[in-house]
Amino acid sequence: MQLSRIIPLLDQLRGYRAGWLGADVVAGLSVAAVALPTAIAYPAIMGLPPQTGLYAAILPPIGYALFGPSRRLMTGPDTATCMMVASALLGLGAAGMDERIMVAAAFAIAVGLACLAAGSLGLGFIANFLSKPVLMGFLAGVALDLIIGQLGKLTGLSLVSDGLLGPLADFTRKLGSTHLPTLILGLGLLALLRMLRRWVPRLPGPLVAVGLGLLLSLALDFRDMGMKLVGAIPQALPAFALPLPTGLSLENFVLATVGVLLVSFSSGIVTARSFGLKNHETVDANRELIGFGAANIASGLFGGFPVTSSDSRTAVNYAVGGKTQLAGLVAAAALTAVVVFFGNGLAYLPIAALSAVLISAALDLIDFNGFTLLWRLSRVEFVFALVGMLSVLSFGVLRGVIIAVLTTLTHLLWVASQPRDALLGGIPGREGLYKLHRHRDAAAIPGLTIYLPEGSLVFFNAEYVKHRLLKSVTRTPALPLWLVLDASAIGYLDTTALDALEDARATLAARGIKLAVAGLHSRARGLIERSGLAARLGPDMIFHSAEDAADAFQARQVQAVRDNSV
């Protein structure tokens with residue numbers, strides 16, 4: 001295997017042009033500018049110190065740059081993933097700060113290893129378990145949950161309740177004790193962020209808000225006003241360490257890892273596909289898994305937490321004109337310089353400024369236009385989006401994602417358990433067969449019923465299809481002589497379905513009706529031949545198409561009339 005297949009960065013560097021260097025450096029510095037405020041803010045979601053966010057912003061881009069397939073996708077902390085980790089830490093009972101840091105890093109390594117395994121086994125399709133409506137609702141629920149969790153920091157109140165209604169009730173009771181300077185600063189910076197997002201979207205709003213908050217803090221001495229500040233950030237480079245938390249339930253840790261993996265990869269692949277579509281680039285989900293795996297392992301081994309692709313950083317990289325993953329390496333170097341040389345200055349950053357950044361990021365997760373469009377296009381999918389949102393708010397992020405996935409699978413099974421079907425007939429003067437319910441001038445061929453199920457025939461819908469097939473013979477004025485099962489739309493057939501077809505054949509035979517099968521795919525045909533059903537039907541009752549079956553029926557009817565007239 002070529003080394004460039006394992007390390008895609010080698011391919012990028014092999015064809016590197018001198019004119020790209022300036023673009024990659026500028027893009028890397030711009031990405032770092034956007035990454036800095038969120039890297040400091042996101043750890044607060046999980047109850048982790050700010051430096052863990054910086055480490056999670058420095059190491060993953062290096063891991064992805066080496067092993068990720070995309071030239072311009074950027075990785076880092078993500079709102080939904082951080083909420084999943086926060087929920088998992090709470091569920092595992094990680095209490096002390098050192099324990100939380102170690103468990104979060106262990107999650108990153110576990111998620112990374114799972115990504116590598118899934119990518120190697122070709123399991124990139126796992127991202128498809130969260131349909132767009134359910135993912136939309138889930139992200140909206142995560143956003144609202146995050147906003148509720150930031151109310152205390154935005155107002156200077158201490159809200160200790162968990163869940164949805166508890167914090168809101170606690171907030172209402174303590175509203176009179178709001179720290180006004182904190183509230184004014186937080187709301188002012190939040191308003192600024194939203195205005196910049198609307199009117200100057202290319203400007204790094206989070207960096208502006210954090211920079212302004214820091215300057216105001218130094219100028220007005222926010223500490224004396226009673227505002228809470230970030231505090232000292234260790235001016236130390238991330239150090240290699242293998243996190244080995246003890247005293248945790250292995251089963252609960254594995255389940256939580258699966259939840260974090262599903263959300264982080266789903267969120268990441270949506271970003272990858274969105275930018276790939278805009279720029280006509282092919283996205284290989286399995287190779288992205290490898291890249292995300294490398295990013296997460298790098299994060300976990302150096303004191304970070306689980307990460308995924310970042311839409312804001314990727315958007316900046318595209319907008320500025322980054323050409324290769326060298327931009328990610330430049331961003332990592334720039335953030336490292338911030339940790340080493342400017343850590344003391346960040347100690348004066350107001351917590352309310354970070355809260356404003358998080359709330360603004362959360363608002364961007366809510367796709368208001370998408371909900372409106374869903375309401376117009378599909379009320380059923382709109383309901384699924386609401387289920388995804390309410391499950392997060394009512395049962396927590398970890399349980400919410402499980403409910404969201406189960407909702408998607410339940411809907412899929414429900415649709416597949418009752419596949420659409422149709423009866424076929426002919427139109428006078430025209431060749432071919434047509435669906436009777438769609439063409440008013442189509443009519444069933446006398447003595448012949450042609451039944452078309454539109455979907456695979458398997459264990460959970462076999463009885464339903466058998467019932468519909470037997471019922472189809474009663475939908476004509478007189479019982480037919482033949483019933484043709486048009487199997488051209490049956491992509492898969494299992495042994496339970498074979499039993500159902502055998503029952504149908506026997507039931508029809510008892511009523512003097514012959515069952516024929518047409519349009520079988522090669523795998524399904526081999527199955528019915530090996531089971532003996534083909535022999536019981538008779539070789540003359542298996543056809544290449546429903547049209548062939550109709551022609552054969554009419555020809556035999558003509559022959560029967562001739563034989564009777566002799």
Notebook entry, point to check: What's the longest piece of the chain with no exposed GluC sites (Glu not before Pro), counting a site as exposed if DSSP puts it in a loop and it has at most 16 other beta carbons within 10 Å?
Noted result: 1-280
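Working out 0.36 nm times the residue gap between LEU373 and ASP551, then minus their Cα-Cα distance, what length gain in nm do you get to one decimal? Write out the running numbers ahead of the final one.
On the way: separation 178, 0.36 × 178 = 64.08 nm, distance 4.66 nm.
Length difference between fully extended and current span is 59.4 nm.
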Checklist line | Inter-label distance for HIS280 and LEU413, nm, one decimal - labels placed 7 Å from Cα along Cα-to-Cβ | finding: 4.4 nm
Check: What is the distance in Å between the Cα centres of the stretch 29-52 and the stretch 53-100?
Finding: 10 Å
Next item on the list: Using only alpha carbon pairs under 8 Å that are at least six residues apart, calculate the relative contact order of the chain and give it in whole percent.
Entry: 23 percent
Note to self: Based only on Cα atoms, what mean projected area does the convex hull of the chain have, in nm²?
What the structure shows: 34.5 nm²
Next item on the list: Would you kindly state how much longer the chain becomes between PHE460 and ASP503 on full extension, computed as 0.36 nm times their sequence separation minus their alpha carbon distance, in nm to one decimal?
Entry: 13.9 nm
Next item on the list: Mind putting a number on the dipole of the chain about its Cα centre? Charges go on the C-beta only, +1 for Lys and Arg and -1 for Asp and Glu, and I need it in Debye to the nearest 20.
Entry: 880 debye
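If you take the beta carbon distance between LYS471 and LEU123 as r and set R0 to 35 Å, what does 1/(1 + (r/R0)^6) give as a FRET efficiency, to the nearest 0.05?
Working: r = 40 Å, r/R0 = 1.15.
With R0 = 35 Å, the Cβ-Cβ based efficiency is 0.30.
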Margin query: From zero outward in steps of 5 Å, how is the percent of C-alpha pairs of the stretch 168-269 spread across the bins?
Written below: 2, 8, 10, 11, 11, 15, 15, 15, 11, 2, 0
Notebook entry, point to check: For the chain, what is the mean residue ellipticity at 222 nm derived from helices alone (per DSSP H run of n ≥ 4: -39500 (n - 2.57); sum divided by total residues; nearest 500 deg cm²/dmol)?
Noted result: -21000 deg cm²/dmol
Note to self: Suppose a student asked you for the relative contact order of the stretch 1-123, using Cα pairs under 8 Å spaced at least 6 residues apart; what percent would you report?
What the structure shows: 24 percent
Notebook entry, point to check: Could the peptides 332-340, 79-87, 112-120, 212-220 be put in order, highest first, of the mean number of other beta-carbon atoms found within 10 Å of their residues?
Noted result: 79-87, 112-120, 332-340, 212-220
Check: At what distance in nm do the modelled label points of THR495 and LEU21 sit from each other, each positioned 7 Å from its Cα along Cα→Cβ?
Finding: 6.7 nm
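Each reported figure results from applying straightforward, stated rules to the coordinates on display, with no laboratory input. Keep in mind the model is a prediction, meaning the values are calculated, not measured. Glycine gets a Cβ as well: all are built from the backbone with ideal geometry, and neighbour counts include every protein chain shown.
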